[in-house]
Amino acid sequence: MPFKALVDRAKLMSYFDHCCKHISKEITGIVHVGAHQCEERDTYLELFRQTDSSILWIEALPDLVDEMKAKYPEIQIVQAICSDKERDSATFYISNYSQCAGLYPFSKEHKDAFSTIEQIGVEVPHTTLDKLISKADKPKRNMLVVSVNGAELQVLKGAETLLEFVDFVFVRFEKAKFHTMNQVKSETPMNEEKKDLPTFYELNDWLGMNGFLKMESISISDYSEGLFYISIDAELELKKRDKEMTDMFQLMVEEYNQKNGTEVKTEVYRDEI
């Protein structure tokens with residue numbers, strides 16, 4: 001089977017654009033874990049009206065970090081392997097294709113689909129987002145983007161303090177995880193080496209318990225699902241704003257009816273706050 005990119009970047013950008021309707025407040029900054037080649041940079045600058053100084057890119061592979069620093073001297077990018085806790089030495093899997101690095105080894109399905117990709121495990125230190133991002137810098141960034149080939153939940157668990165300041169979470173979740181959820185819970189999982197891989201339900205439940213609601217889910221490639229979450233506080237702000245706009249519209253219609261002797265009616269759906 002010929003190799004295909006794991007992420008359709010055009011679909012990913014369309015996904016970001018689609019999710020913008022839920023963004024009820026200004027994006028003050030972005031933390032992007034799993035930078036790769038900073039493909040989303042133009043979208044962040046144009047669609048989300050960010051500057052290079054408001055975006056923090058985090059990438060595990062040193063060669064990619066050096067490459068991006070040379071290509072975009074103005075960006076902020078750091079080399080780090082983020083997980084749920086700090087470890088002096090833990091396994092990280094690298095391959096001959098830079099988009100296929102992560103905390104988990106390939107599943108049998110991935111090996112069958114991408115037979116030309118080879119992967120090896122190396123022992124390296126792991127850190128957390130809470131450790132990596134300073135206390136003073138955390139309030140500056142209210143959007144978190146995570147694209148880490150299966151370790152999404154681990155990264156989020158290592159960012160509990162950061163998430164107190166985050167309003168929007170974007171997660172790229174590989175569809176292969178959806179396909180193996182039943183096997184993960186069975187006594188004889190199809191893929192033994194990935195039996196402890198977090199499932200979508202675990203990820204969704206954890207974010208829910210930490211104050212986030214899933215707003216959108218969209219396919220961004222043959223292998224990946226884009227998930228968009230909004231904090232409960234930001235969602236309430238959005239509903240409040242929509243209610244205020246609805247009330248204003250109704251008042252305009254009433255004034256129009258009084259002025260023109262008409263009986264124009266509106267059907268309005270109101271959310272309880």
Note: among 75, 81, just one is within 21 Å of residue 137 (Cα to Cα), surrounded by fewer than 18 Cβ atoms within 10 Å (Cβ to Cβ) and not charged (D, E, K, R), namely 75
Do you know which residues across the stretch 83-92 are more than 21 Å from the chain's Cα centre (by Cα) and assigned to a strand (DSSP E or B)?
-> 87, 88, 89, 90, 91
With respect to residue 56, is the statement that it is within 27 Å of residue 125 (Cβ to Cβ), at pLDDT 90 or above and part of a helix (DSSP H, G or I) true?
-> no
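Can you name the residue in the stretch 41-50 that is in a loop (DSSP other than H, G, I, E, B) and in contact with a helix residue (DSSP H, G or I) (Cβ under 7 Å, 6 or more places away or on another chain) and is also nearest to residue 29 (Cα to Cα) among such residues?
Step by step, filter the stretch 41-50, then rank; the result is 50.
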If we scan the stretch 102-115, do we find a residue that is modelled with pLDDT of 80 or more and among the aromatic types (Phe, Trp, Tyr)?
-> no
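Out of 190, 248, which single residue is part of a loop (DSSP other than H, G, I, E, B) and either more than 21 Å from the chain's Cα centre (by Cα) or at pLDDT below 75 (or both)?
It is 190.
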Mind listing whichever residues of the stretch 133-146 are surrounded by fewer than 19 Cβ atoms within 10 Å (Cβ to Cβ) and part of a helix (DSSP H, G or I)?
-> 139, 140
Condition check for residue 40: closer than 23 Å to residue 103 by Cβ, at pLDDT below 95, under 16 Å from the mean Cα position of the chain (by Cα) and of a type outside the set (Gly, Ala, Ser) = yes
Is the stretch 23-37 home to any residue that is of a type outside the set (Asp, Glu), touching a Gly at 6+ places or on another chain (Cβ under 9 Å) and either outside any strand (DSSP E or B) or at pLDDT 85 or above (or both)?
-> yes
State whether the residues of the stretch 99-109 include one that is over 28 Å from residue 28 (Cβ atoms), in contact (Cβ under 8 Å) with a residue 40 or more places away in the chain and among the charged types (D, E, K, R).
-> yes
Conditions: (1) closer than 20 Å to residue 156 by Cα; (2) in contact with a Lys or Arg (Cβ under 6 Å, 6 or more places away or on another chain). Residue 88 meets all but one. Number of the miss?
-> (2)
Would you mention how many residues in the stretch 110-148 are in contact (Cβ under 8 Å) with a residue 12 or more places away in the chain, of a type in the set (Ser, Thr, Tyr) and farther than 15 Å from residue 30 by Cβ?
-> 4
Scanning the stretch 206-224 for residues that are at pLDDT below 80 and buried (at least 17 other Cβ atoms within 10 Å of the Cβ) gives 220, 221, 223, 224
Single condition residue 67 does not satisfy, out of (1) touching a strand residue (DSSP E or B) at 6+ places or on another chain (Cβ under 6 Å); (2) over 24 Å from residue 140 (Cβ atoms); (3) surrounded by 15 or more Cβ atoms within 10 Å (Cβ to Cβ); (4) at pLDDT 70 or above | (1)
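The values are calculated or read from the model by the stated rules, or taken from the named source; none is laboratory data. Just so we're clear, the structure is a prediction, and the values are computed from it rather than from any experiment. Backbone-built Cβ (ideal geometry, glycine too); neighbour counts: all protein chains shown.
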